[in-house]
Amino acid sequence: MNLEDEKIAEEILRLRLSQILVNEEYKAGKFKIPVHLALGHEAIAVAMNHVLEDGDKLVLSHRNMAHNLARLGKLRPILDEYFLKTSGLMGGKLGSMNLINPARGIIYSSSILGNNFPVSVGIAMAEKISGRKGATFVFGGDGSIEEGSFYENLTMMKTFGVALIVVVENNEWSLGTHISERRCEIDVEKLTSAVGVPYVKMDGNHTHKYIEILKSARDRAIRNF
């Protein structure tokens, strides 16, 4: 294992252990707000942190903890935010589901399912109009692709030619119900190809592969800007 591999492994472990600590506080009933963990999302969050460059924007869902931990590099300001303390990351005003960190590129997080998709198109469009060359990344879960805003997002990003990369995370479960028990299969590749948006499938928890794929997607989006 080389130095870079060690650093990535340490980051993944830091994100997992930080969330375990938050979960212990949550189980003890110490929070006055709902808190959504992102256990199992550590690898993609670490990869995204490595890919983001100055000027890039990150748009998240309510399950944003792993990304905020990765981008900030420490737990305490986030934990204080969950306690609604003024020492929190955003002064205790945003809590968990809408937590952002503009200084580190996280400019929007939504507690409304699928809401962040149209917002991300607007952000990417603003970047294009302003002549800025950064890319916008938006994250959503598999449940959010059932919302009409997902298809509208694909249509608008293609129509306006904005530098937007959409990342859909699918763990094949909806809380305690397997996705196959709840709805029909949605072929995301066919959905994206219908409007001419490139699609790449990422499997497992291979952070290096995630970094390679996300960097390639970013470069392609910037070239087509």
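The values are calculated or read from the model by the stated rules, or taken from the named source; none is laboratory data. Since the structure is predicted, the reported quantities are computational estimates derived from the model, not experimental observations. Here the Cβ positions follow ideal geometry from the backbone for every residue, glycine too, while neighbour counts run over all protein chains shown. The area values use the complete protein model at the heavy-atom level, side chains included, leaving out ligands, DNA and RNA. Shrake-Rupley method; radii C 1.70, N 1.55, O 1.52, S 1.80 Å.
Things worth noting here:
- Under a Gaussian network description of the chain, with springs only between Cα atoms under 10 Å, the residue in 13, 52, 175 that fluctuates furthest is 175.
- Principal axes of the chain: Cα extent on each, largest first, Å: 48, 43, 41
- Region 181-225, Cα convex hull volume normalised per residue, Å³: 90
- Legend: distances between Cα atoms for 128/209; 30/74; 32/85; 57/85; 57/201; 133/215; pairs beyond 18 Å are 128/209; 30/74; 57/85; 57/201.
- Surface exposure of the chain, expressed per residue as accessible area with a 1.4 Å probe, stands at 52 Å².
- What you get for the chain, charging only the Cβ of Lys and Arg (+1) and of Asp and Glu (-1), is a dipole of about 700 debye around the Cα centre.
- The distance between label points at residue 201 and residue 23 comes to 2.8 nm (points 7 Å beyond Cα on the Cα→Cβ vector).
- Cα-projected label distance for residue 181 with residue 53, points at 7 Å along beta-carbon direction, nm: 4.6
- Accessible surface of residue 27, taken over heavy atoms with a 1.4 Å probe and every protein chain present, rounds to 140 Å².
- Shown is the FRET efficiency for residue 13 and residue 132, computed with R0 = 41 Å from the Cβ-Cβ distance and rounded to the nearest 0.05: 0.75.
- Tilt relative to the chain, helix 116-130 - C-alpha long axis, 0 to 90 degrees, to 10: 70
- Mean projected area in nm² (Cα convex hull; one quarter of hull surface) for region 79-124: 3.4
- Once the convex hull of all Cα atoms in region 100-189 is built, its volume per residue stands at 106 Å³.
- When DSSP beta bridges are restricted to pairs lying wholly in the chain, around 20% turn out antiparallel.
- Calculated on the Cα set of region 144-225, radius of gyration then Dmax: 14.1, 42 Å.
- Placing pseudo-labels 7 Å out from each Cα toward the beta carbon at residue 30 and residue 220 gives an inter-label distance of 4.4 nm.
- Nearest-ten-degree value, helix 3-27 long axis tilted from longest Cα axis of the chain: 60
- Percent accessible area from carbon and sulfur atoms, the chain, protein chains only, probe 1.4 Å: 53
- Helix-only [θ]222 nm of the chain, DSSP H runs n ≥ 4, -39500 (n - 2.57) each, per residue, nearest 500: -14500 deg cm²/dmol
- Surrounding net charge for residue 183, when Lys and Arg each add one and Asp and Glu each subtract one, Cβ distance under 12 Å: -4
- For the listed peptides 92-98, 159-165, a ranking on the average number of other beta carbons within 10 Å per residue, highest first, reads 159-165, 92-98.
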